Every structure is written in C-alpha cells, then in structure tokens.
Amino acid sequence: MHPEAVSSREELGRALTDLRVAADLSVRDVASAADALQGTVAGWFAGQHAPTRASRDMFERVLSVCGVPDAAGHDMWWAAVQRTGRRGGRRKARTASPYPGLDPLGPDDGRLFFGRDDQVARLVEIVTAQARARRDDLAGSGDAAAFRAALVVGSSGVGKSSLVRAGLMAETAEGRALDGWHAVVFTPGDDPAAALRTAVAAVPSDAASPLIVIVDQMEELWTQAGADALVAYDAAFAEVIDGRVVIPVGVLRADFYGRAAEMPGLAGVLADAQLVVPPMDREQMRRIITGPAAVADLVVDDELVELLLDDVAPTDGSRQAGAGVLPLLSYALRAVWERSDGRHLTLADYVATGRISGAVELAAERVYADFAPADRVVARRTLLSMVNVDEDTVSRRPVRLADLDAADTSDPVARVLDAFADARLITVTATHAQFAHEALLTAWPRLGEWLDGDRERLLLHRRLRTLQETWESNGRPDGLLPERGRLEVFETLPDSELSQANREFLASARAADAAKVDIERRRTAQLRRAALFATVFGVVALIAAVTAVVFVIKANDQTERADRARMETASRQIAVQADQLRDRDPLLAAQLAMVAYRQSPTVEARSTLSDTLSGSVPIRFAGDGGSTLLAQAPGRIVAAGGSGQVRVFTADEHGITAQIGDFRAGDTTADKLIGGIALSSDGATVYLGGRGAVNVWDITDAKRPVKKYSLTDVTGDANALALSPDGRTLAATVTGTGLHVWTADAAGGWTRVALPDKVMGVDGAVTFSADSRSMASSTATHRIDLWRVDGGRITDAGQIALSGTPNQLAQGLSYLPDGRLAAALRSRTVDVYDVSDPAAPKLTTQFTGFTSWARSVRSDATGSHLLTTGSDNSVSVYDVAAPADPPRRLPTAANSSAALFVGDHVIVASDDGRVMDWPPARNVLQVGTKNVFQVPATPSGSRMFAADPSDRGKITQWRLVDGAYVSAGPDLVPPDGTVYSGAVVTTPDGRWLAIGSADGTVAFADVSDPARPHVVGSTRAETGLNETVDYSPVSHLAVTGGVESRIVTIIDAHDPTRPRTVGTFDAGGGVWWTSLSPDGTSMAVATTTGQVRLVDVSRPDRPLAHPDPLTFKAAVLSTRFDSTGRRLVATSEDRVVAVADIGDPTSPRETARLTGPAGQPYSAAFSPDGRHLIAGGSNSEIWVWSLDGDTPSEAMVIHSFPGNVYDVRFIGDGAFLASGAGGRVESWTLDPDALIDAECARLGDEITETEWDTYVPGLPYSPPCP
C-alpha cells in the first residue's frame, strides 16, 4: 500500500507492514536496527496507534531501516501519519555546520545531539532523585549532612561534555523533563571559585526552582588549581548550595576517578549517583553522522557513512568503538563539510581530508610543515608546555599566555599559537591557551613521539610546578622549599625552559639551603633536646593509648558498625575503579575487584569481580621499564627492555609457564640500549642490537648467561634484528645507514655482506621467510625492498611501492606461512602482499581499524590469524580469512612495543617493561554477525543451541568443555526457501528442538546425535513470522505466536514427524513471548498490550484463561516459569521485572516488582534451584537478584556485554549465559570465591605497592591472593 493512499491508523499499519516485508525484516529486526521501542513499533505495524510528534525521530529511523532513507520519503510518510489524525512536528532548522569539530556541543545544540538518549534519560533520573533527596534534607525529613550530587564518568573523547551540555542542560527547556529548572556549566581552571561564581551569577539567588551546576573537566581541580584555590572553591560551593536545591554534576575523566574517590562526601555519590558513559556502538555512531546532516538538510553519501563507520566502529555492531574516536569523527566530519559545497558530503571529500585516522594528523602536520626550523623548535616547546604528564596519566592543561611570552603577535610563540588555533587544534582566550581536546594527545603521532621522548623532563617540570604553586599558595614558607637532593635534580632543567615564577622559587630554595649550613650546629643541639622531650611525650602517649583501648572495648558494637560501613564504602569505591579500568588494564581491574570483594562482598564488588574474572584476564611480569622487545623459539621467549634488562621465559601451547632468567645486557649506556632482538631456533643464543654493535649471548643456562662476542662493524644504532630460520643470515636495520646483513662463516663467525646502493638510511623493519631464502626490509619511505638470499649472497628481487601519507613507512614486516608478506604501515593499515613473484608483488588483503601508525605484525603458526600492535596503544587479533570482521582487541595500559603468538595465547610487551600473557577468551563465542535472540540450553548447560540470522537462521550446536563452549556438530540448515526466525527451544535432555520460521512454520528437529541433526516434521502454525516458540516433552505440546497477531497457536507434537494444530488462544494483543510450564499444562503469554496471560492448556482444544498474574503499563517483552511451575517472571517495556506466585492459578498474586535496569529488559529467567533471578536488555546490562530472603535483593549487575541483550538464562546454578547484538554469546560465573581461587592459582605479578597507593589509598598494602 502506498503511503499517499493512507487515511487511517489501520491503513498506516498495512502500509508499514508492506514496507517491512519488502525489506525482509521482522518487527524485532526493525526495532533493534532502529534503536526503537519494540512495543511502540509493533503497535505501528499492527495499526493500533500512529507515531506522535515526540516519536518522529524514532519513526524516521524505522523508515530508514525499512529502505526509506531520504528526507523526501520521510516527509511523504509523515504526511500519511498526519492524515491519520496525528499532528506532525515542525521541520528542523538549517544550520551552517552541523558538526562541531573538537568542540563540545552546547545547550543550544540539542537538535544536533544524537545517540545518547538512554544516558540522558538516566542522568535526568539521577539528578531528579538527588534533587528530591535534597528537598527532604532541607525540610528536615532527610539527612542534613548528606552531599547530593551526580558524577558523569568516562574516558577522554567519549562525549561527556556534549552529554551534559547538549543533553542534560537541554532538558531544562520548556516542555522537557526538567522544565523550570536552571542549569549552568563551568570548567574549574586555576581559579575554580571565581569560575563557579561567574557561572551562577546569571541565576537569581532567590530562585526557588532547582539549580544544576555542572563542573565540566572536573580533573582540572587537581591538574590546575592549587591548595588555596581548592579551599576557596569548597567555600564558594558551600555558599552556593546553602539552603537551596542545588545539584552539582561533576564531569570527570575516568583516569582521575581515584582522585575523586578520595574527596570527602563523594562516597555516596560514587555508590548511588554516578553515570558511566561508555563508548558509542556502531549504530549510535551512525546517528551522529546522519542525524546532524538531516537537521542541516545535508546529503551524505551512503558509502561515505559506511566507510566512516568502518574507520571508527566494528562492522557488526557488537562492540563499542574506541573511547577517543568521537572527537576525531566530529573533526573529520567538519573537515569534510568544509571541503564540500555545503549541501552534499561525498566520499572523495572524506578521502581528501585523510579519513578519521588522518584528519587531525594531516591538519597538524600541515601547520607544522609551514613553520621555519626555528619556529618548529618553539612549537615543540610550546605544545609540550600545554600537557600535564604524571606517572600514569597524560592530560591537557591551559597555559597562561604570560608564561609563554606570547603577547607580541610578531613573537614566534604567538605565530605558533595563531597557526594551530586557525586549524582549530588549540583554543586561545585572552589569558590562556590549551589543546582543543584530549584526543589530540594521541591522534597526532608526532606529538606522541615528543611526549615519549621528553617524558622524564616533563615529569620534572610537573613536579617543579606543583612544588612552586604549593609554596606560592601557602605564603612562600621556607618549609615548603625543596631540600638539597631534589634541588640538584631541578638544576638540570635549562634556564630557557623555566618561567619567572620557577626561577624565583629555585632561587629561594638555594638561599634557604645555604642558610641551613650556618645553623647546622645549633640544629644538632636542638635535636638532642627534642629527643629528651620526645621520651617524655612517649610516656604520655602510652598512657593515652591504654585509655583509648579501654574506651574502644566499651564502644565495641558501635566501632564494629562503623568499621563495616567504612569497609563497604571502600569496597564500592574500589569496585567502581576496577570497573573503569577493565577496558584498558584488565589485570589491574581483576586485582582491584578481588581487593574490593575481600574488603566487603558488596553488590558492586561481586558485579565487577564476575564481569572481569569471567573473561580473558592476562598475567603479567613487571620489568625495569623502557620499551620491551620479544623473540621466540620453540619452548622459549626472550624479552629485552630499553633499560638493558633481559628476561627468559619457558612456554608451551598454553602460554608462559615460568620465568627462568633475568640479567642485564651490560653496564654501559651503549650496552643498555637495546633496539632489536633475535633468538636462535634452539633458543640457546640471543642477539641484541645496540649502539654501534650487535651483542651475542649464550643463554643455554638462562640463570647463568654468558656474553659470547659482539659484532662491532655497525655504523649506528642496530634496530629491528632478524635471524633467518636456518640461523645462517642475520639482518639489522641501522640508524643512518639503513640495513646491515651478515652471513655465518665456516668458523662460526659472521661476515658482513655488501648490499646494493638502493638501501637507504631509514631504520625500518626486516624479516625472513620461513625457508630462509627471501628477505624483506624497509629502509626508505614509500617502499619495501624484496631480497633473494642465496648462501652468502643477497640480491635484489623487487620492491613494493607504498602510497599514503607523506611519511609512509613499513614499521613492521612478517612473512606468513603461505609465503605472503604482511606489512604494518604508518598509513594505519596492515597490508598483505603476494610476493611469489617478487618482481610483481600484488596487494591481496588489507586490515584496517587503527587510529595511529600500525607498529608490528606477526602471524600464528597456521597463518589463520594476524597479531598487530599500533601506536594507538592497540593490540589486535585479525582473522585472515575475514579481514572485514572486527578484530579481537586486547586492552593495554601502556603502548605495546611487541607481540607474538604462543599456541592459543598472545604475549605482549609494552613500553613500561611489562610482559603480558593473554589467554583466549573462553567465555565468549560468535554466532554469525547478526543478533542472536535466543540461546536454549539444557539445565546443566552441557548442550546449547543458537540460531544464526546472518545465514538464514541456521541452528548452530555447542557443547560445554572445560568451561568453554565448542562446536558440537554440523549446523542444522533450513530447507531451501525457508528462513528460521531465531525462535528456538530445546528439551531439557537436549534431544529435540522446536524451531520457528519467517513464514510461520514450526519445525521439529532430532538432535540426539549431534553429528546428524535433522528436521523430522513441521506444520504451518502462523500466517507471519514465529516471534516465539516453546515445547514441552512432558505434554508434547508446542505453542507459538507473533506480534502481528493476537492468536497463540497450540500444536500437538506427540508424533513430531506429524505435528498438528489442536487449538488457539486469543491473547488480546500481539504476542512477544510464550512459555510452557515444566509439566506442559499451563501457558504464559507476554502481550504487546501489557498483560501476562496465564492459560490452562491441559485440554489444548479448549484453553482456559486464568486471571492475569501480572500487568504492566507497556508491552510485556518476555515471561518464563521457574522449575517448579509455581512462579512466573515477566519483563516489560517500561523497564520493570516482576514475579508472580501462581501456585493457585485461580488466584495469582504479584510477589515482587523490581526496578533498576536503565533499558528495556528483553528477557528474564530463574536459576534451576530457584534462588536467583536474571534479566538482560537494551542497555547492555544484565541484572542478577538473589531470591533467598522474603524480598529479592541485588546480587550483581554485569556491564561488559557490548550491545543489546536479547536472551539470558542460567547454565546450572553457578553460571549464566547472555546472547544478543552482533552474534555474541557470553557466559559469566556466579560464585565469587571460585573466581578468586582460580585467579590466585595462576602465575604472574600481583598489584604493586605503587598501584595500591594510587587506587587503594588509606588502606595498608594487602594483595588479594594469599
């Protein structure tokens, strides 16, 4: 039906259904792809109601999913909606540039803000709850001492500022959720009290409505403000809050979470009122590309949208994009818009800007390239002064223009600032300059190299600045001046790099130090007298201690309660920090999760523990620091670091088994410099590239290594060593000369080989083929040289021309087992070439997804997977057979310098000296690339099944082996012309399946022999798609339904080869879910109209409805019985999970109504023993409740599933499964103690004392594993 013929809601429903059927989509598919409410969308297709003005955006997303992506089509359909009696919304206003670049969106940019509806709604809930509590406090019915606030936490570049400015603040507009409220925002800077007062000055002091005070970039309280400024800030905030409903909302970078946890009064906020902002998934990214374009009447090419998404987010939507890509995407979009005609964004414009990975770098490099050599030096010094470098974090900082001497526009500093400001890479105010966004610190490789090279000096500047500001803010007391030892360290800084304030501080320190020499004798005498007084005071302290003990004994009960409360608060704070660290340092997250649980088994601790330890957690071996390289031979791994440390490990197919050696390569600076490493095939000899030499060590006895000799005919720093597999050829890239090659002689020595003139002076990469007869090297930009190795002769065989960035270089090279060559390139790709004819190499495959230079590449033993590292801190495992599939990402806390495969484990070395051993992700499996809606399993979880919608819904089989699911047999493929719908159920013994289809057919399959799964019979039960199906082996009844019909069909399957319809039941609304009781005589139906229907089907030809056990205000999405058949659980679109007692089906009663999930819970289930309840849904959360007491209590909340959760269920009583977006199926362990025991039994280092002091301040060091 054409939309122009629509005049009623029913006709609109028919027209929409025609559109959906033509697109070959189910209602669930449409709702999922459009990120829309399933019940609402089902009502539109059923003609039960029409879209409203408030739901127009959702309606247009539905149209786009169904094949109407253009604005003209949207207008035509909206006109149809209006003819049904619904009013349409006004067309959105045009805007000059809908993309802000590196700037956050502001309060007036709500129309351009897309992709964060759930987070905004959740933040509104938090702020509203805090305001309600604040009113109670002021009225005397609450806690007058409580601090009511909210905290928004997320990684840099995740969109926190836009969320609070264009999301939360926009909700204060007329007609929105916070209509009548006031909201202001400020960033602390170096005078946070003044910034606060300026922000609130615009709000009348006698305003009765609530006030939201947003503290954006809250980390500046520690990076910019001094101690006195913080005291003034606290006083100013107390003045603003006094007697008013004021809700502060802090916006904090995740890596500063530990600082916030130490702030007084924030414990309750961290526990109850914080919003963690995750990275966006692929579909959210799509909306922030296309949404603003639609507002501005811009046309965006479809291929441009897809390429943008491929560059920033995984293709299957199952995982989130990296946290820092959002500002880079916005910057790239603005750059494309500026190149466009203002009406049409094209793929060609995007490619010309350098794409996501290169837009910022290209802009920065263009600015830098235009500088004269002297100005480049100034640029480096100026830009580095805008960075805060701590031991574990790097952040931007505003710098006073006065400190930069930038007042004169002819000054080189002013020229540098103006040039970068014109490119919108830095912002300059009347008094300060700073980077436009934190993302620049990682998006521009040159800046990253500067930071790596100057880290120690920058840290020294940071410490000097901190000491000087503390001294200034406290009135310049001599007691805060550095002692002689620290003063000598600061004296190493060049005077040209010091500000005038720095110079005055150091001059005062020198004067104070000189004065101390004159009074040393008197000080010694004073110390003797002080010792006498200390003895007297020690006796007094002892008496006081005895008195205190007596007091503690009397107040023991009160103390125990206080201690328990402190331990619970500490547990929650540590657990939250562990949760924040999980995606960038899983090992430290695991250690902190165990510490949190040892402190107190709070919900947060149990949740983080299961979330982290159920997955792949590496073990680590700490080193002395410095960039660390790896080499391997059968049974051995050697790691060599920039400090000269060399470690030897044993390994097998399951990773590292022990560290057996640790020695220093030498005492001199030249010996300590290790730029390359190679290991002989027997693991007995290691070659270390250094300054002017290659040093050769015998490590046969790893505990007693012996230096054998050195190859000293090296004309620079020897890097990127490679030893041919036959041990007869050694190659090294060398700074300044490019490449050196040696061949083994008969006497056991090495002879340097002359090479053709084409070898250039870049120290890139070098590698040998498996047969030792071919070599590849990169000693020049834009080229890979191919060589033939024949005994002692090296001859030119060909070359690979590289296109891309001006500084294009292959930084890593590796031959695959099939003879192809893989190259890690600065153009942010890994390219694979067929070099069987080296004179005519061919590019065969390209792997993308890097946001900075690709750094290294290795293949596994079979050649089926590639392991890569990047300058963007990435470590990725790619499937060679599926280069377009998203890789497995291994998060690392520091930049990874090397990686290799050892069996099914990945070994990673990083720039901080750590060696990490990553096990495979045993709790995760992939079923195709599309949404998996159900994962039926036997009660013990020994067998599990899942439909793969990406391949006609075929049924995959899995069995549980050592805690991991592995394929159990061939897939059950639907007959030709049939597509399975994703609705599938198994019998408890795992012998039979009932399967729904897209055309309404229910099939019955015999899977008793996993090697021969086969359909034995089927029946056409519905006129449309089977949304749900269930089957009872006891009553031999099956039931099925769909959202397009109110009818539930009852099937007799006593003979599964000849199933037949024996009854129907009118549910009164569309059917989302049907379940049969364990004895198969009762049926529960979840309806789109909000009722759970309970039906007696003991006589299937005459089903009898009992009173509805549960009702909701919105559609019911799922319902299931417990193992006894006496309880029922249901989930609804209005974010509620409810439980009913149906022991007497004629008088059912609701026993619990659980709220908490921030999204719609699509599925829920009881554990086999009935002691736990689980639910999962649209915001990636999985909730587990304990049912042991009279009232259900939260047991844990899982946050790690990377997308919508469509089905959850227990496997046994100790673990649970979830399936959902992108074909992902994942499992978790419920027992915290079992997880801890397993983790503590592994090798590797525990949390260090330094890490403990950072993340667990105030508690004595106590690692979690005894």
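Coordinate-derived values only; no laboratory data. All values reported here derive from a predicted model rather than from experimental measurement. Cβ placement follows ideal geometry from the backbone for every residue including glycine, while neighbour counts extend to all protein chains displayed.
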Q. Computed on alpha carbon atoms, what radius of gyration and Dmax characterise segment 116-276, expressed in Å?
A. 14.7, 42
Q.
I want the local charge near Phe1112. Using Cβ-Cβ distances under 15 Å, sum +1 for each Lys or Arg and -1 for each Asp or Glu among the other residues.
A. 0
Q. Which listed residue (Ser896, Thr1155, Asn502) has the Cα farthest towards the positive end of the charge dipole for the chain, taking +1 on Lys and Arg C-beta and -1 on Asp and Glu C-beta about the Cα centre?
A. Asn502
Q: Compute the signed sum of charges (Lys and Arg +1, Asp and Glu -1) over the other residues within less than 15 Å, Cβ to Cβ, of Pro756.
A: +1
Q | Per-residue ³J(HN,Hα) for segment 1004-1020, Karplus 6.51 cos²θ - 1.76 cosθ + 1.60, θ = phi - 60°, Hz, x for Gly and Pro | A | 10, 10, 8, 10, 4, 10, x, 7, 9, x, 7, 7, 9, x, 7, 8, 7
**Q.** Cysteines without a disulfide-compatible partner [the chain; Cβ-Cβ under 4.7 Å]
**A.** Cys66
(Q) Expected output is a single nm value to one decimal: the length gained when fully extending between Arg1149 and Ala1105, i.e. 0.36 nm times separation in residues minus the C-alpha distance. What is it? (A) 14.3 nm
Q. Amide H to amide H, which residues 5 or more places from Thr829 or on other chains are under 5 Å from it, using H placed in the peptide plane?
A. Ala854
**Q.** Charge dipole (debye, nearest 20) of segment 116-276; +1 at Cβ of Lys and Arg, -1 at Cβ of Asp and Glu
**A.** 300
Q: Kindly state, to the nearest 0.05, the FRET efficiency for Ala144 paired with Lys758, given R0 = 56 Å and r defined as their beta-carbon distance.
A: 0.10
Q.
How tilted is helix 282-295 with respect to the longest principal axis of the chain? Cα atoms for both, answer in degrees (0 to 90, nearest 10).
A. 80
Q) Considering only DSSP beta bridges with both partners in the chain, what is the antiparallel share in %, to the nearest 5? A) 90
Q.
Suppose a student asked you for the relative contact order of segment 1157-1244, using Cα pairs under 8 Å spaced at least 6 residues apart; what percent would you report?
A. 21
(Q) Based only on Cα atoms, what mean projected area does the convex hull of the chain have, in nm²? (A) 55.3
**Q.** segment 770-918, relative contact order [Cα under 8 Å, separation at least 6], %
**A.** 13
Q: Take His344, His1106 and order them by how many other Cβ atoms sit within 10 Å, fewest up front.
A: His344, His1106
Q. Rounded to the nearest 500 deg cm²/dmol, what is the calculated helix-only ellipticity per residue at 222 nm for the chain, with -39500 (n - 2.57) per DSSP H run of length n ≥ 4?
A. -9000 deg cm²/dmol
Q. Among the DSSP beta bridges whose two residues both lie in segment 116-276, what percent are antiparallel, rounded to the nearest 5?
A. 0
Q. Could you give the length gained on full extension between Glu125 and His2, defined as 0.36 nm per residue of separation minus the Cα-Cα distance, in nm?
A. 40.2 nm
Q) Distance from the Cα centre of segment 718-782 to that of segment 960-1007, in angstrom? A) 55
Q: Would you mind calculating the gained length between Asp1079 and Glu472 on full extension (0.36 nm times residue separation, minus the Cα-Cα distance), in nm to one decimal?
A: 210.7 nm
Q: Take segment 924-1240, compute every pairwise Cα distance, and split them into 10 Å bins from 0; I just need the percent in each bin.
A: 6, 29, 38, 22, 4, 0
**Q.** Of Ala770, Thr938, Pro412, farthest towards positive along the dipole that unit charges on Lys, Arg, Asp, Glu beta carbons give the chain
**A.** Pro412
Q. Where a ≥ b ≥ c are the square roots of the eigenvalues of the C-alpha gyration tensor, would you call segment 1-77 rounded, which needs a/c under 1.5, or, failing that, prolate if a/b is larger than b/c, or oblate?
A. rounded
Q: Determine the dipole magnitude for the chain: charges of +1 sit on the beta-carbon of Lys and Arg, -1 on that of Asp and Glu, nothing else is charged, the reference point is the Cα centre, and the result goes in debye to the nearest 20.
A: 500
Q. For Phe1121, what is the net charge nearby, where nearby means another residue's Cβ is under 13 Å from its Cβ and Lys, Arg count +1, Asp, Glu -1?
A. 0
Q. Whole-Hz Karplus ³J(HN,Hα) for segment 510-515, in order, using 6.51 cos²θ - 1.76 cosθ + 1.60 and θ = phi - 60°, x for Gly and Pro?
A. 5, 5, 5, 5, 5, 5
**Q.** Cα gyration tensor category, rounded, prolate or oblate, for segment 1-42 with a/c compared to 1.5
**A.** oblate
